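Please read the structure below before turning to the comments.
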Amino acid sequence: MKRKFGEEDLDLVISYILILGVLASLALETIGIISYYSVNRTLTINLQPNSALSGAGFFSYAGSIIHGTLVGVWAPFEILGLGIILLMITPYMRVVASVVYFSLTKNTKYVFITLFVLTILTASLLVH
Amino acid sequence: MLTVLVISIIAGLLGALTGLGGGSIMIPVLVGFGVPVKYAIAASMVTIIATSSGSAASYVRERITHVKAAFYLEMFTIVGAIIGATITSYIAPRFLYFFFAAFLLTSFYGLSGHLRQEFPKRVKQDRFSKWLELGGSYYDQAAGRKVNYKMKNALLGGPGMMVAGLAAGMLGIGAGAFKVSIHELILKMPAKVSSTTSNFIIGITALAGASVYFASGLFFVTLAAPMAVGATVGALSGGRILNRLPNRTIRYLFLIIVTALIVQMLYEGLTSP
């Protein structure tokens, strides 16, 4: 017999997204800090305005960082950036998962509610 | 970075013990160490995603968190957070110190624990809350039974959460105690559902605020990385020792810390140019 999706499936998926996202990002930050030290021999915090994360919006920054790591640029600053991107994308992904879930279970009002949350977040992340 | 790491571990630990959350402690202390307040707020916003999502994961799996209520309320908190973070990006830092002190002052209100009801009884649900499917059940381990509950006043809870989101986005904190008060006093959630749902909402609210700080160029990885790692380690260990400490110790700790933080923020506000 084919089992229908239940709310417990959504809860399970969300909890995996959250825990995996946070663990992976904290691991990257730790590796990033260590490699920052091994390259620069110092742990000074860099607050120069030109070292602020920004660029042309969140998604394009994320794209360039991920592209950089794919072509093998594993500089400390990029590892730290990747960790932060991963951390920010973690709650975002659980909203995406919920939109999918409520669409599959045809719960129209919650499709709209979750889509509203997703739209606002996406718009806010696109602004630069 | 090492200093920030140590500060964040301690802040995360004390934040978990007192229920203040890491951000409210971390920001005043970092400012005391000379970090510009806006940078501290921006980095704290991202840090909060880690501390809240980490603990939210297990409560969602145990099905104590009410995911639907969370999504409904998040519609309001994220709008509030975006407005709040935008305000912070533009106003003079001096105002932020005073807002921070004022917000800490409201947290004393949470000390009057008699307002809390572990399991609200006989909640008469209104039509809107029913339409939103705001009700459910969870298994309460301490009580050893399944708890059924219904929420009410969803219409009123929304704007309340927008204010909570505004404060969170503006000051780079979770504003968890504030959210919990709204959940319990207005929506009539049971205590455990309320605190775990608030934790879940904080992650998304922090993301909304963080997106604004990201765009404003206030965000620095070498500051945020040690904060995120430290605060999470601190919060996890704080959660572990919480049950072993007597309530009286926790209350004194709370009083001392909040008073010290208020004095620190007022001092910064008065001496800043």
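Descriptive notes on the structure:
- Some residue of the stretch B:48-55 being among the hydroxyl-bearing types (Ser, Thr, Tyr), under 13 Å from the mean Cα position of the chain (by Cα) and more than 13 Å from every other protein chain (Cβ to nearest Cβ): no
- Residues located in the stretch A:5-27, provided they are of a type outside the set (D, E, K, R) and open to solvent by 30 Å² or more (accessible area, probe 1.4 Å): A:Phe5, A:Leu12, A:Val13, A:Tyr16, A:Ile17, A:Ile19, A:Leu20, A:Leu23, A:Ala24, A:Ala27
- For the stretch A:34-48, residues that are facing chain B (nearest Cβ under 9 Å), in a helix (DSSP H, G or I) and open to solvent by 30 Å² or more (accessible area, probe 1.4 Å) total 1.
- Take the conditions (1) of a type in the set (Phe, Trp, Tyr); (2) farther than 15 Å from B:Thr222 by Cβ; (3) open to solvent by 30 Å² or more (accessible area, probe 1.4 Å); (4) touching a Leu at 6+ places or on another chain (Cβ under 9 Å); A:Trp74 misses just one of them, which is (4).
- Residue match in the stretch B:80-95 (condition: under 20 Å from B:Ser181 (Cα atoms) and touching a Lys or Arg at 6+ places or on another chain (Cβ under 9 Å)): no
- Here B:Val46 does not fit the description of being more than 20 Å from A:Val22 (Cα to Cα) and either of a type in the set (Gly, Ala, Ser) or touching a helix residue (DSSP H, G or I) at 6+ places or on another chain (Cβ under 9 Å) (or both).
- Residue in the stretch B:263-272 that is touching a helix residue (DSSP H, G or I) at 6+ places or on another chain (Cβ under 6 Å) and either β-branched (Val, Ile, Thr) or free of Cβ contacts under 8 Å to residues at least 12 places away in the same chain (or both) present: no
- Residue count for the stretch B:209-244 satisfying the condition of being within 27 Å of A:Gly57 (Cα to Cα), open to solvent by 20 Å² or more (accessible area, probe 1.4 Å) and hydroxyl-bearing (Ser, Thr, Tyr): 1.
- Only one entry of A:Thr90, A:Thr122 meets the criterion of being open to solvent by 10 Å² or more (accessible area, probe 1.4 Å), within 22 Å of A:Leu18 (Cα to Cα) and within 11 Å of another protein chain (Cβ to nearest Cβ), and that entry is A:Thr122.
- Scanning the stretch B:187-194 finds one or more residues that are buried (at least 17 other Cβ atoms within 10 Å of the Cβ) and closer than 19 Å to B:Ile48 by Cα.
- Evaluation of B:Met227 against the conditions (1) part of a helix (DSSP H, G or I); (2) aliphatic (A, V, I, L, M); (3) over 30 Å from B:Ile87 (Cβ atoms) shows that the sole unmet condition is (3).
- Some residue of the stretch A:108-117 being in a helix (DSSP H, G or I), open to solvent by less than 10 Å² (accessible area, probe 1.4 Å) and either closer than 26 Å to B:Val233 by Cβ or more than 7 Å from every other protein chain (Cβ to nearest Cβ) (or both): no
The values are calculated or read from the model by the stated rules, or taken from the named source; none is laboratory data. Keep in mind that what you see is a predicted model, and the values were worked out from it rather than measured. FYI the Cβ positions are ideal-geometry reconstructions off the backbone, even for glycines, and counts take in every protein chain you see. Heavy atoms of the whole protein, side chains included, go into the accessibility calculation; ligands, DNA and RNA do not. Shrake-Rupley method; radii C 1.70, N 1.55, O 1.52, S 1.80 Å.
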